[in-house]
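The values are calculated or read from the model by the stated rules, or taken from the named source; none is laboratory data. Because the structure is predicted, anything quoted here is derived from the model rather than measured. Cβ placement follows ideal geometry from the backbone for every residue including glycine, while neighbour counts extend to all protein chains displayed. Note: areas computed on protein heavy atoms with side chains; ligands, DNA, RNA excluded. Shrake-Rupley method; radii C 1.70, N 1.55, O 1.52, S 1.80 Å.
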Amino acid sequence: MSISKLKGYLLAAFAAAAYGTNPAFAIPLYYQGMNPNSVLLFRYLLGLPILAVIMQIRNISFRLHKDEVGPVAILGILMALSSLTLFASYNYMNSGIASTLLFIYPVMVAVMMIFFFHEKFKISVACCLLVMGAGLALLMKPQGDGEISLVGVLLVAVSALTYALYIVFTNMSRIIRNIPTTKLLFYVLGFGSLLYLTLIPLGFELRVPSHGSGWLSLIALAAIPTVLSLACTTRAIQLIGSTSTAILGALEPISAVLLSVTVLGQPITSRDILGGILIVIATLMVIAEKPVDKFILHVRKMFPRHRLP
């Protein structure tokens, strides 16, 4: 395995773990009276100066060429819609279930790449998606006797679709690939912020935290699941492609479960552990893609198809 691929896998795994911290910082802000649009607006706005400082330190130009504005604006809108629908789903269902359901997006990415961009279908990817789906199904369970909200599921489905489109577009656009990662993320957050601002006059009331701890949560949201996670995701896509990055993103529910156990004191069950193990196996199958393909090919040769007389 090349160094660049190993770096891509590590970045994708770290991005997933960082993105899994979203509910831990967002839910307390809802208790302080904030709504999803307000939380995300401050999250994006607070992320902008962090990225601006990084760009200054690295001497990265803020200038966007005319042919770059349109594609970057599309990415900003896709990311903003994905974030908004996911955060809105927290009001209708358990945030852990919402974060787990979000991971239908690797399947969407794989399907898009195969049907629209003629990426070669690999049995190892199909097996990986099946193992990952089994793990996510084990992690996805209502609390107590509760039911999963249909509205919540639809919101998460829209979030997954827009995030899948973001990943595929980032991978396939030549213009986007030539923009430095930090600069790209700066303008993605900028255009996303504009979308949230336009929603305020449409009835999405702007609200601020009622306690100082809320501002700390907003800063953490801007730094960890926004700047760090999205920057690592974007770079990982450039190194290992959209499908592998998307599948490795399934590590997010594991980080969410571990965070809920260690920080929120929620219990962990054998079902959670088994689901986590299956997801880890699925991600290892992605990293060991070539050996898995060879093994599957060897098994198929051991059981050849017999022609009917």
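Kindly provide the set of residues from the range 160-203 that are in a loop (DSSP other than H, G, I, E, B) and either of a type in the set (S, T, N, Q) or in contact (Cβ under 8 Å) with a residue 40 or more places away in the chain (or both), ordered by number.
Within the range 160-203, S173, N178, I179, P180 meet the criteria.
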(request) Looking at (1) over 24 Å from the mean Cα position of the chain (by Cα); (2) modelled with pLDDT of 90 or more, find the lone condition where H211 falls short. (result) (2)
(request) Output yes when any residue across the range 15-30 is within 21 Å of G190 (Cα to Cα) and free of Cβ contacts under 8 Å to residues at least 24 places away in the same chain, and no when none is. (result) no
(request) Restricting attention to the range 65-79, report how many residues are within 12 Å of L165 (Cα to Cα) and among the hydrophobic types (A, V, I, L, M, F, W, C). (result) 5
(request) List every residue pair whose Cβ atoms sit under 7 Å apart, with the two residues 6 or more apart in sequence or on different chains, where the first one lies in the range 37-58 and is in contact (Cβ under 8 Å) with a residue 60 or more places away in the chain and among the small types (G, A, S) and the second, anywhere, is assigned to a helix (DSSP H, G or I) and open to solvent by 30 Å² or more (accessible area, probe 1.4 Å). (result) A52/F186
(request) Report, by residue number, each residue of the range 101-130 that is aliphatic (A, V, I, L, M), under 15 Å from V156 (Cα atoms) and touching a Phe, Trp or Tyr at 6+ places or on another chain (Cβ under 9 Å). (result) L102, M108
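Quick check on this structure: which one of T226, T243 is buried (at least 16 other Cβ atoms within 10 Å of the Cβ), touching an Asp or Glu at 6+ places or on another chain (Cβ under 8 Å) and assigned to a helix (DSSP H, G or I)? Steps first, answer last, please.
Numbers: T226 fails: touching an Asp or Glu at 6+ places or on another chain (Cβ under 8 Å).
When all the criteria are applied, what remains is T243.
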(request) Could you name every one of the helices (runs of 4 or more DSSP H) located completely within the range 1-119 that has at least 1 residues being open to solvent by less than 20 Å² (accessible area, probe 1.4 Å), among the hydroxyl-bearing types (S, T, Y) and in contact with a Gly (Cβ under 8 Å, 6 or more places away or on another chain)? (result) 3-19, 36-57, 66-89, 95-101, 105-116
